[in-house]
Every structure is written in C-alpha cells, then in structure tokens.
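Working notes, structure below.
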Amino acid sequence: MLLAQQLAAYAEWRSRLGDRIEGFRDWLADNELNDAQTDLRLGQLLDRLREDRLHVAFVAEFSRGKSELINAIFFADYGSRMLPSSAGRTTMCPTELMYDPAKPPCVELLPIETREGSAGVAEYRRFPDEWRSVPLDVASAEAMQEAMRHVSETVRVDRATAGRLGFDLDGEEAGALRADADGRVEIPRWRHAIINFPHPLLKQGLVILDTPGLNAIGTEPELTLSLLPNAHAVLFILAADTGVTQSDLAVWKAHVDAPSGRKKGRLVVLNKIDGQWDELKREAEIDAEIARQVDDCARILDLPAHRIFPVSAQKGLVAKINDDPALLARSRLPALEQALSGELIPARQEIVRDDSGSEFDELAARAAGLLESRLAGLREQLAELTELRGKNRGVVEYMMGKVRAEKEEFEVGLQRYYAVRSVFSALTNKLFAHLGLDSLRALTQSTRETMQEAAFSRQLSEAMANFFAVSREALEKSRGEVDEIHRMMEAIYRKFAVEHGLKLGSPARFSLLRYEKELDRLETWCDTHLNTMFQLLRHEKSHLTQKFFEEVAMQVRRAFEHANRHAEGWLKAIMAPMETQVREHQIRLKRRLESIRRIHQATDTLEERIEELTHVESTLTGQLAALAALVAGTRQALHAEVDADDQMVVNL
Ligand SMILES: Nc1nc2c(ncn2[C@@H]2O[C@H](COP(=O)(O)OP(=O)(O)OP(=O)(O)O)[C@@H](O)[C@H]2O)c(=O)[nH]1
Ligand SMILES: [Mg+2]
C-alpha cells in the first residue's frame, strides 16, 4: 500500500530527526551548556515531533461514497467493509478514526442532546464521561463492524426538540429530516463519534475524518471552523452517476473551496466510475466517456482536469479483498492513493521541517555563541599572559590596571543593561495589555452585554463587527509593541557586541501575521454564517448570541491563547542569551583580574597558568567542533527526503 509506505517513511524520518535532537540535548547536558529554558524547549520540540498527526478529511453530499472510499483506501486488509456504507444517508455524524494508545480500542459517541447546552464538541473532548463508549473487539471483523454501525443511528423526536437541537426544519435541511405521521422527525442519535482503533496507519499518527452529507455539515461549526480548515488533506467526492448537482456545488463552495481556506492538499474524486463499465462497449469508449465526465466536473469546479481523480471505491475495495490486480488497476484507486500521499506527506514534512529547523538552529546558535565567547575571552587572557613573559612587576601592574579599567567599564555597561531590562519589562507589560487574555475577556463581556440588550438586528450585527474590529486593533497594537521590543533588543545586542565583544548574533523575530489571518478567517465565517441579514431576521436574538460566543468568540480566544504562548516564548528567547552572556562575561573579567593578581604576587605561576589556559582552549575548540558535527548531522536528518522505496529496503 503506497500511502502506508509513505507514512512509515515519514514516521521513520521523524524518529531519526528525534534521535539527533535527543543526541544534541544529551551533549549539551554532558558539556554543561544547557539551562532550564533550553531543556524545556528541546523537550517540547521532541514531544511535537513524536505526536505529529496527519489529518485527512472526506467531504461530500450524502451517498457519494465517502465511507466506501475510506474502506477501500485504508481498511481493505480487514477483508470486509468496516465503516457502514449503503444507499441513502448512512453516516449520520462526523466520525474521526484515530489511535490514542492511552485508551483501549473503542467507539466513543457524543449524544446529540449535548447540542442543547452551550459547549462545542471541542469542549466536550475534555470530558470523557459525557461520551458513550463502546468497546471495540479488534480480533473480530464482524464485532468491529457492529460497533462502527453506531455512527448511522438515528432517533425520532418532535419538531420542537429538533429545532432546539439546531436542526433547521424550514430551510434547506428540511428535505433530509423525514417527518412521520405524528410529525416526529428523524435526527442523528450522536453528535460526534471517535473511533479509537490500533490500525497501523492510525498508529503512525494518521487521523481520518468521515463526514455526513451536507445537511449535517453546516450544523456543527467545529467541523467548518476547525476540523476541515486544519485538515492536511481534504478529499471532495462526486459520483459519476449524479454528476455535479446544485447541492454538490453548495458543499464544494462552503466547505472545500472556501475563499479563506487553504488550497493545498485539496483533491477531487469522481467516484462510481464502474457505472460506465459496460461489456458492450470497447475499453477506449469507456475511457473516453470517463474523460468527458472528468472534463465536465473540471469545468464546473473551475479546476484543471488532472486534479480530478476518477475511481471506483467499491470495485477497488473488492479488488483488494479478493487480491485481484486487474480489477484494482481498473478501479484507478492506486492513482488516487499516490496523489494523496504525494500531497499529504511532503506538505506536512515541509511544515515540520521549517518549525523544527528554526527552533533547533536557534538553540544550536545559542550554544555556539556561548562557546565562542568563552573562547574569545580565553584567548584574550592567554595573549595577555603570554605578553607578561619575562616582564617586570611594573608591566604586570600596568596590565592589572588595564583589566580593572575594563571591568569598571563593563560595570557601567551593566547599569545600562539593567536599565534595558526594566524598559523591557515595561514594554512587555504594554504588549500583554493588548495581547493578553484579560482585555479579550473584557471585550467578550461587553460584547455579550451589548448583544443581550440589543433591540434591533442592526445592533447585534454591529456588536459582532465591533468584536472583530477591537480584536484586530489589539493585534495591531501588539505588533507595534513587538516591533519596539525588537528594535530595542537589536540596539542593545549591537552595543554589547561592539563595546564588550559579546557574541550575540541578532535577536529572533516574531510575527503576529498568522493570528491576523486567523481573525480574517473567523470573521469571514461569521459574516457568511451568522452576521447576515438572512440569519439576523430568521433567528432569535438569544440563539444568535449564543452561537456567536460558543463558536466564534471561542475560536478567537483560542487564537489569542496561542499568540500569548508564542509571544512569551519569544520574549524569553531574546532575553535569555543576553542574560547568560552577561553573566559569563562578568565571571570572566573577575577571573582575569584574579589570575593577573596572582602572577603579580608570584611570577613563577605564570607558565603554569598559561599551560592551564592552553588546555582549556583546546577543550573549547574540541567542543565547538563536536557541536558543529552535531548540527551538521541534525541538518542532514532534517533535509533528508522521505523516501518510500528506501523504507521498503529497510523493512525487507
Ligand atoms: N457502483 C458503485 N457504488 C458505490 C461506489 N462507492 C459507493 N457506492 C455505493 O454508494 C452508496 C453510498 O455509499 P456510502 O459510502 O455510504 O456514501 P457516503 O458518502 O458515505 O454517504 P453518507 O454516509 O450517507 O454521507 C452505497 O450504496 C455504496 O455501495 C462505487 O464506487 N461504485
Ligand atoms: Mg458515509
């Protein structure tokens, strides 16, 4: 299986890189070059590498074959159809397949009634006892199928209950909610399902998201706000027998081709091409017919034809189960799998490579800076002492005076450093006054009050717009503070480098752009889903207010939380090297003065001292060489290509 090999190769790449970084951490500790902050950052980097997950989502109108395609791509080895797939609406709730070794294999189901409360699915993830858990017997394919069948369960409720649970009985969803003679409607029994399953691919960090058809997608904002936009690949599925219908187009526009969404990793599948297979037609005729359909879809979706993959999920599944290579080739599933792994893994690897690379480089540069400034100080001292060879007491006294003057000068410099530190903390406070969660909390509170007191829809609408305007302003102001801190640190780094020879490089940069973009995305969502004339007129004020806070404000808060953590890390990263080097420099000056003083008292210790220092010098150059080798090794691991063929050789 192509995707499996690619994923295994990617896992192998991460683990090799992890080994290198661990080697670096051990070496730092052995050489006493680590500090609490470096250890913490390296630990976090390693955790991120180990936990790295790849999310693939399947999105389409109902009955296009999403579940069947998942069965065919990932679960054919189990010899049967694992996820329920049948005519009509089958998957009733968003279903995530993943593996968390901390939990036993099971299907976890969040009851639909939880929609009545104000918490979103993300919130419920933290409370396992709110979910119904069904154990999964992984030894029996039938037992597993049985357990997975829960995702298609429904219940009948009266219209009022359905309305309260967020089902839209008058709008576009109405057709999907069948009403019986007593006016009761059939709704999904579960709000969300998580299948925890020790499948080899899931164990390697793959997370698969199966979604129900259109009508359910719109009602669970976690899907549209977070799960789909954050997926590393989204497969949009059409069926050859229906072509591109209005409702397919609606799903495509709202959830896959959204203006603010990512374009990378989006694939379109034209499923059920076996409908064209016809013994009375020649193969070339069939191929031409499929190609024509692909062209039609490409035109309607405004995509190049090669981005559309015609397949037969069902025949692909049968072919894999019966080990029938001819049928598998005809199902064209392998081409889709290849494209999927080609999109997924290199893109993910690039992100991980950039993140880990810049973090590692910074920590390595810090260690190198420390060693280099130790070496520079040592060499200076050595030169001083060598000059003292054969000199009289007068010269030694002169040298002592010189070092003392240098020490005093540095102490004056230190005063400036302390001053900078207090300006730094004042600026930091200013930064957090804008970026911090307190001001966001106040904004949330005042927006809530305005919305609750609003008498007209215009006031509601303005309150929502104002929430975004103020949040954006907070980010803009924060950006101003960040720039100021950066400029100040740059100046002080330079000053200490020129005047006292500290090797500091230039301070790390920090950008809030990604959080600004996240706000744009959330506002676009809000403007198309909540803050529209249609929604404002149609829904109760309290309903809209609640939705706004549960869904939108909650995500804005999350973005600010990330931004805060990011900013705190950055502030430490620009201050820490300065502190370490200043401390080192101070100690060094003291030692220099002491050693000259000792020589002043007894000239015969001079040669001994020079020898001692020469030895320290060679240790330091040795450490620098070892560090360079470690860095080169890690860079090599970082830039190695993920190579599935190589992986196969390793496995054999
Ligand atoms: N002929 C043919 N039928 C298929 C193919 N793939 C799926 N089907 C059928 O299409 C129907 C719907 O398939 P599902 O996998 O349940 O579709 P889905 O997109 O998951 O649908 P929902 O879960 O309802 O959203 C089932 O009867 C499948 O057997 C295919 O490649 N060829
Ligand atoms: Mg399904």
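The values are calculated or read from the model by the stated rules, or taken from the named source; none is laboratory data. Keep in mind it's a predicted model, so treat the numbers as computed, not measured. All Cβ positions, glycine included, derive from the backbone under ideal geometry; neighbour counts span all protein chains shown.
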**OP:** Six or more apart or on different chains, Cβ under 8 Å: which pairs go from a residue in segment 60-88 that's closer than 18 Å to LEU267 by Cα and among the aromatic types (Phe, Trp, Tyr) to one that's part of a loop (DSSP other than H, G, I, E, B) and more than 8 Å from ligand 1 (Cβ to nearest atom)? Could you list them?
**Re:** PHE74/HIS199
**OP:** Report, by residue number, each residue of segment 20-46 that is aliphatic (A, V, I, L, M) and without any contact (Cβ under 8 Å) to a residue 40 or more places away in the chain.
**Re:** ALA29, ALA36, LEU40, LEU46
Original post:
Quick one: would you say ARG332 is free of Cβ contacts under 8 Å to residues at least 60 places away in the same chain, surrounded by 15 or more Cβ atoms within 10 Å (Cβ to Cβ) and in contact with a strand residue (DSSP E or B) (Cβ under 8 Å, 6 or more places away or on another chain)?
Top reply: yes
Subject >> Flag if ALA376 is touching a residue at least 12 places away in the same chain (Cβ under 8 Å) and either buried (at least 18 other Cβ atoms within 10 Å of the Cβ) or over 47 Å from the mean Cα position of the chain (by Cα) (or both) >> reply: no
Original post:
Would segment 9-21 turn up any residue that is within 16 Å of ligand 2 (Cβ to nearest atom) and in a helix (DSSP H, G or I)?
Top reply: no
Original post:
Does SER542 satisfy being among the small types (Gly, Ala, Ser) and surrounded by fewer than 17 Cβ atoms within 10 Å (Cβ to Cβ)?
Top reply: yes
**OP:** Could you tell me which numbered condition LYS103 fails, if it satisfies all but one of (1) surrounded by fewer than 15 Cβ atoms within 10 Å (Cβ to Cβ); (2) within 30 Å of ALA319 (Cα to Cα)?
**Re:** (2)
Subject >> Checking GLY65 against (1) within 19 Å of GLY316 (Cα to Cα); (2) more than 9 Å from ligand 2 (Cβ to nearest atom), the condition it does not meet >> reply: (2)
Original post:
When only residues in segment 123-148 that are touching a strand residue (DSSP E or B) at 6+ places or on another chain (Cβ under 9 Å) and of a type in the set (Lys, Arg) count, which is modelled with the lowest pLDDT?
Top reply: ARG125
Subject >> Failed item in (1) assigned to a helix (DSSP H, G or I); (2) surrounded by 12 or more Cβ atoms within 10 Å (Cβ to Cβ), with SER422 passing the rest >> reply: (2)
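A quick yes/no check of all residues on (1) closer than 20 Å to GLY120 by Cα; (2) touching a His at 6+ places or on another chain (Cβ under 8 Å):
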| residue | (1), (2) |
| --- | --- |
| LYS503 | no, no |
| ARG509 | no, yes |
| GLU518 | yes, no |
| CYS526 | yes, no |
| GLU551 | yes, no |
| ARG558 | yes, no |
| TRP570 | no, no |
Original post:
For segment 62-89, how many residues are surrounded by fewer than 24 Cβ atoms within 10 Å (Cβ to Cβ), within 11 Å of ligand 1 (Cβ to nearest atom) and either more than 23 Å from LYS320 (Cα to Cα) or of a type in the set (D, E, K, R) (or both)?
Top reply: 4
Original post:
Within segment 460-475, how many residues turn out to be surrounded by 20 or more Cβ atoms within 10 Å (Cβ to Cβ) and more than 17 Å from LYS517 (Cα to Cα)?
Top reply: 4
**OP:** Any residue in segment 122-143 that's more than 14 Å from TRP190 (Cβ to Cβ): show its pairings with residues that are among the β-branched types (Val, Ile, Thr) at Cβ separation under 8 Å, as long as the two are six or more apart or on different chains.
**Re:** LEU136/VAL107; LEU136/ILE195
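Any chance segment 431-450 includes a residue that's at pLDDT 85 or above and not in a helix (DSSP H, G or I)?
Among the residues of segment 431-450, at least one is at pLDDT 85 or above and not in a helix (DSSP H, G or I), which makes the answer yes.
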Subject >> Search result, residues across segment 312-329 that are in contact (Cβ under 8 Å) with a residue 24 or more places away in the chain, more than 16 Å from ligand 2 (Cβ to nearest atom) and either loosely packed, with under 14 Cβ neighbours inside 10 Å or aliphatic (A, V, I, L, M) (or both) >> reply: ILE321
Original post:
Among the residues of segment 323-381, which ones are more than 25 Å from ARG20 (Cα to Cα) and of a type in the set (Asp, Glu)?
Top reply: ASP323, ASP324, GLU337, GLU343, GLU380
Original post:
Which residues, counting only those in segment 43-79, are in contact with a strand residue (DSSP E or B) (Cβ under 8 Å, 6 or more places away or on another chain), of a type in the set (D, E, K, R) and within 21 Å of ARG348 (Cβ to Cβ)?
Top reply: ARG53
**OP:** Residue by residue through segment 71-88, note down the ones that are more than 8 Å from ligand 2 (Cβ to nearest atom), closer than 19 Å to ALA147 by Cα and not small (Gly, Ala, Ser).
**Re:** ASN71, PHE74, PHE75, ASP77, TYR78, ARG81, MET82
**OP:** Filter segment 565-587 for residues that are charged (D, E, K, R) and closer than 19 Å to THR428 by Cβ and give the result.
**Re:** ARG565, GLU568, LYS572, GLU579
Subject >> Answer residue from segment 560-616, given it is more than 47 Å from the chain's Cα centre (by Cα) and of a type in the set (A, V, I, L, M, F, W, C) and is nearest to ALA442 (Cα to Cα) among those >> reply: LEU593
**OP:** Could you list all residues from segment 31-58 that are assigned to a helix (DSSP H, G or I) and touching a Gly at 6+ places or on another chain (Cβ under 7 Å)?
**Re:** LEU46, LEU49, ARG50
